[in-house]
Amino acid sequence: MTPAPTTDNPFAGDNSGIQKRETAARWALRIGSHIVVFTTLAIMLHIFVKGAPVVFQSKWPFVNTQFLTKLPATLHVIEDKQGHRIETDVNGADAVKKKLGDDFRSEKTVSYSGGGILGPIVGTALLVVVSVGVALFLGVACAIYLSEYAKHGKFLETVRLAILNLAGVPSVVFGLFGLGAFVLTAPVFVDVPADRSVLAIPLGFTTLSFEGWDTCVLSGGFTLAFVILPVIITASEQCLQAVPQGFRETSMALGATRWQTIRYSVLPFATPGILTSSILGIARAAGETAPIMFTAALAFKDKLPWQKDMPPLPTDASIFAHWEQSVERFLGIFTESVQALPYHIYTIAAKIPQNEYSERAQYGSVFVFLVLVASLATSSILLRKRLRAKYRW
Amino acid sequence: MSADSPAIATPPPVVQVRDMDFCYGASQALFDINLKVEYHRVTALIGPSGCGKSTLLRCVNRMNDRVTGARVTKGEVLVKGKNIHHADVDLTQLRKQVGMVFQKSNPFPKSIYENVAYGLRIHGEKSKSVLDEAVERSLTHAALWEELKDRLHANALALSGGQQQRLCIARAIATLPDVLLMDEPCSALDPISTLKIEELMHQLAKEFTVVIVTHNMQQAVRVSDYTAFLHLGKLVEFAPTEELFTNPREKLTEAYLRGTFS
């Protein structure tokens with residue numbers, strides 16, 4: 001129904017259904033997007049409010065160094081008859097009990113809630129280094145092949161489809177794949193193959209045995225590499241495609257081979273972008289839980305990967321005199337299983353009884369984790385912005 | 001269809017195309033092309049858009065190899081008397097001797113020096129003195145040396161459009177090619193930059209042999225000694241420029257020059 005015009009404005013709104021629907025649509029969309037923003041902010045704020053006090057403190061050095069530099073430990077809470085509660089670790093518990101004497105009323109232990117989270121931080125860092133190293137090598141090689149060498153056609157389409165599908169595989173499936181491929185069957189050089197070896201090839205001086213790498217950083221890192229491979233391949237390919245075709249034509253017209261062209265006039269201009277995108281891969285690799293559950297991560301470990309029961313190096317000589325041992329020790333880091341932040345969070349949030357003492361470690365870990373991932377993502381964005389300004393053609 | 005009869009003392013043409021058919025996949029782009037390019041002459045290829053003049057140009061340094069399904073189906077292309085599709089021809093060596101300048105100026109986002117030295121570097125030249133000399137020589141040939149000698153290590157992208165295109169010419173002639181192919185080198189430039197490059201072409205012809213594709217007939221008149229007119233993939237007429245423009249033998253050429261295509 002159009003009401004009769006009361007003024008002589010020929011463009012006055014007529015309050016028709018069209019306008020009402022317009023208003024309704026606008027509000028529905030607005031509310032939807034506000035819900036998303038609000039939820040995100042609420043989560044961030046909650047973790048910040050609860051987690052920041054664990055990590056930061058009002059006194060110098062303003063950061064809770066204990067939390068960032070100690071391994072996770074069991075928290076002992078001892079209560080005296082007056083109801084005072086004293087928090088201590090396993091070593092301090094006896095002393096406190098002795099001091100309290102008859103005043104001692106009860107002792108309570110909370111797993112993993114004492115100490116700090118150095119173990120998980122170190123483990124995640126190692127896993128990220130291995131996975132990004134492997135994924136960058138494989139991913140960039142694959143992207144270069146797809147973008148520069150492969151002929152357009154059915155094969156290329158199939159490979160692209162496969163990569164997209166790989167991105168859609170549930171992460172727990174990657175975990176199982178890693179368990180089967182790296183933990184149980186990957187090849188190692190050993191003198192005596194284990195009974196479970198799938199295939200043992202004698203090489204004379206040693207044996208190449210397909211008996212797996214066991215749960216360790218290497219297995220977990222390789223598994224994570226396959227998780228982030230689709231991201232890296234897709235991003236690298238886009239970066240390569242963004243390099244003007246004219247550079248390739250010119251280079252080849254000057255007599256360069258395909259590899260020379262890639263090496264000197266494509267890769268240098270794509271590398272910044274590839275590295276930027278790979279930072280996002282780092283964030284993804286650091287955050288995955290399922291792929292490392294079966295392949296690398298332990299719920300608890302009271303040693304860092306380099307703290308192993310090994311005969312100490314002779315102190316008299318420089319480290320270069322025993323470089324073989326040093327190298328062996330260094331490589332040994334990667335054959336250790338580790339704790340990792342996401343799995344640690346899962347453990348302390350879901351696997352131990354909840355009380356007011358377990359909360360501290362939970363929020364602290366999540367806060368540290370979130371800050372790490374967020375800073376990686378931010379640096380990636382900043383880097384990209386700077387590089388965009390630098391490389392314009 | 002060559003205009004001049006071969007004299008006894010003249011050297012063989014630097015580029016010779018014989019009875020060539022060329023296809024992109026199933027569609028044929030060039031039909032039975034015959035063309036001779038003489039040393040130290042500027043040869044222009046003219047014709048309407050899509051007539052195959054760029055394709056013909058790119059046959060000479062086999063740049064069409066990059067296009068999937070593109071191939072010569074009949075005839076041959078000879079450069080300095082050698083069939084460039086023969087199995088023992090190394091593409092890198094061929095392209096070292098047949099340089100190319102593209103329609104869009106595309107210097108690498110590197111220094112001016114590195115742009116010019118690129119061709120020599122990929123062919124393994126490491127000596128600084130040789131590179132320095134080549135850079136100076138090439139920039140001088142491209143009429144850029146005086147303008148740029150004090151900022152050889154500035155980024156090439158900071159140059160103006162006309163300078164960038166002349167830098168591309170310098171880059172292409174740094175390897176001392178016999179033939180310089182130019183694919184509409186002035187189509188993206190302003191009239192003054194165009195004029196500079198046209199002046200340059202006469203100079204370049206003293207050292208090299210130039211084949212230029214152009215859609216600008218006036219440019220062909222100004223710069224070239226010989227002109228080939230292509231239409232729908234066929235070479236309609238090939239003659240000394242003056243002859244072709246003043247006294248075309250073919251009706252089609254005349255119609256195109258008058259701007260009255262039926």
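Quick look at the values:
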| item | result |
| --- | --- |
| Chain B: angle of helix B:112-122 to the longest principal axis, Cα-based, in degrees nearest 10 | 70 |
| Order of exposure, largest accessible area first, which applies to A:K351, A:K97, A:K303 with probe 1.4 Å | A:K351, A:K303, A:K97 |
| Euclidean distance between Cα centres, the range A:35-97 to the range A:140-212, Å | 42 |
| Listed residues A:S131, A:S111, A:S337, most fluctuating in chain A (Gaussian network, C-alpha, under 10 Å) | A:S111 |
| Across A:K154/B:K234; A:K50/A:K303; B:K126/B:K206; A:K151/B:K36; B:K80/B:K206; B:K80/B:K104, pairs whose alpha-carbon gap is larger than 26 Å | A:K154/B:K234; A:K50/A:K303; B:K126/B:K206; A:K151/B:K36; B:K80/B:K104 |
| Contact order normalised by residue count of the range B:107-262, Cα under 8 Å, 6+ apart, percent | 18 |
| Cβ charges +1 (Lys, Arg) and -1 (Asp, Glu), total dipole of chain B, debye | 560 |
| Bridge type composition, the protein assembly as shown - antiparallel percent by DSSP, nearest 5 | 70 |
| Rel. contact order, % - alpha carbon contacts under 8 angstrom, at least six apart, chain A | 20 |
| FRET efficiency, A:V172 to A:Q241 (Cβ-Cβ, R0 35 Å, nearest 0.05) | 0.60 |
| With all protein chains modelled, accessible area of A:H46 [1.4 Å, Å²] | 90 |
| Carbon plus sulfur fraction of accessible area for the protein assembly as shown, probe 1.4 Å, in percent | 61 |
| Surface accessible to a 1.4 Å probe, B:T140 within the full protein complex, Å² | 80 |
| Cα centroid of the range A:237-283 to Cα centroid of the range A:321-393, whole Å | 30 |
| Rounded to the nearest 10 Å², the accessible area of A:T335 at probe 1.4 Å | 80 |
| In Å, descending, principal axis extents of the Cα set of the protein assembly as shown | 124, 101, 52 |
| Antiparallel bridges, percent of DSSP beta bridges restricted to chain B (to nearest 5) | 55 |
| Average beta-carbon neighbours from other chains, 10 Å sphere, peptide B:106-114 | 4 |
| Most fluctuating residue given options B:S224, B:S27, B:S187, as computed from a GNM of chain B linking Cα atoms under 10 Å | B:S27 |
| Of the DSSP H helices in chain A, those whose Cα atoms cover at least 18 Å axially and whose Kyte score averages -1.0 or more | A:17-55, A:118-144, A:154-168, A:217-242, A:267-287, A:358-390 |
| Part-to-part distance (alpha-carbon centres) for the range B:18-67 and the range B:220-242, which is given in Å | 13 |
| Straight-distance crosslink candidates among lysines, where the alpha carbon sits under 24 Å from B:K128 and sequence neighbours closer than 8 are dropped | B:K96, B:K110, B:K149 |
| Sequence-separation-based contact order of the range A:66-115, relative, with Cα cut under 8 Å and 6+ spacing, percent | 53 |
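The values are calculated or read from the model by the stated rules, or taken from the named source; none is laboratory data. Everything numeric here is computed off the predicted structure, so don't read it as measured data. Counting neighbours? That spans all protein chains shown, and the Cβs are built from the backbone with ideal geometry, glycine included. All accessible areas refer to the heavy atoms of the entire protein, side chains included, with ligands and DNA or RNA removed. Shrake-Rupley method; radii C 1.70, N 1.55, O 1.52, S 1.80 Å.
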